[in-house]
Amino acid sequence: MIVDLPAPFHAALEIIVAELTTRDDLVGILFFGSAARGEARTGSDLDLYAITSQDTRGHLGRSIAGVPVEVSFGSVAQMSAQVRQELPTVVHAFATGQLILDRTDGALPALCQEARILWERGPSAPSASALLRFQFHLTDLARDLEGMPEHSTATALTGSECIRLALEALCATTMVWRPPMRHILATLDAQQPDVAALVRRCADAGFPGSLVVNVADRVLRDLGGRLDAYDTAPR
């Protein structure tokens, strides 16, 4: 059952569903996100996957009845592949969203169940090559920052990139689903409170180079430290 929605959200949902169901290739609609969880507020949007019978890609976004609406298109096969590839946003959508249309004879409910099991289990351990990429890029960014002024626009931009990568690496190494950046510190408060506190200090100070490097080195510690030599050439 669809959660109770404020009137504008309900009106927008009815309009977009009626529009989507005119497509001959439509086999399902998944409603997900904050509004689907009953957490709609001013500024929230409606998030939907329009699932088609044949491979297709695309996005639709516009305001309907004053509510921002975002629709992503993909086939059952494409969505299934993305769940099995453990793309966090897709796994979370199918694990927590609501199917408001299913013409697949059970394929989409089965995919939702698969996503729920996967979400509760947590992501797979990262591959050695993925960890090496994190290690290489964090080392590179830390060294760049050490050669830059403590405070400058370039330092802040490079620092914010380094922090984003460090947090992504930390989620991977601790095998925690990576949430949207706006929620990532709340997630890490329970997993790595020392890093979460350091990142907050860093952001509040405008990403000074030395504090960003401290964050990078803290995350690199779990990856084996800075990378002094590497060889990923094909054999």
Filter result for the condition that a residue is in a helix (DSSP H, G or I) and exposed (fewer than 15 other Cβ atoms within 10 Å of the Cβ), over Ala95, Ala81, Ala12: Ala81
Count of the range 35-58 residues which are under 30 Å from Asp105 (Cβ atoms), without any contact (Cβ under 8 Å) to a residue 60 or more places away in the chain and either out of contact with any strand residue (DSSP E or B) (no Cβ under 8 Å at 6 or more places or on another chain) or not aromatic (Phe, Trp, Tyr) (or both): 15
Residue count, the range 100-127 (criterion: outside any helix (DSSP H, G or I) and touching a strand residue (DSSP E or B) at 6+ places or on another chain (Cβ under 8 Å)): 5
Residue within the range 98-112 that is without any contact (Cβ under 8 Å) to a residue 12 or more places away in the chain, closer than 19 Å to Ser72 by Cα and either crowded, with 16+ Cβ neighbours inside 10 Å or not aromatic (Phe, Trp, Tyr) (or both) present: yes
Single residue of Ala190, Ala130, Ala196, Ala186 found to be assigned to a helix (DSSP H, G or I) and surrounded by 16 or more Cβ atoms within 10 Å (Cβ to Cβ): Ala196
Unique match (being outside the structural domain of Arg84 (by TED's automatic domain parsing), buried (at least 20 other Cβ atoms within 10 Å of the Cβ) and under 21 Å from the mean Cα position of the chain (by Cα)) among Val219, Val176: Val219
Whichever residue in the range 65-78 is within 16 Å of Asp45 (Cβ to Cβ) and assigned to a strand (DSSP E or B) and, among such residues, is farthest from the chain's Cα centre (by Cα): Val67
Residue count, the range 42-64 (criterion: within 19 Å of the chain's Cα centre (by Cα), surrounded by 17 or more Cβ atoms within 10 Å (Cβ to Cβ) and hydroxyl-bearing (Ser, Thr, Tyr)): 1
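The values are calculated or read from the model by the stated rules, or taken from the named source; none is laboratory data. Quick caveat: nothing in here was measured; it's all calculated off a predicted structure. Glycine also receives a Cβ, built like all others from the backbone with ideal geometry; neighbour counts cover every protein chain displayed.
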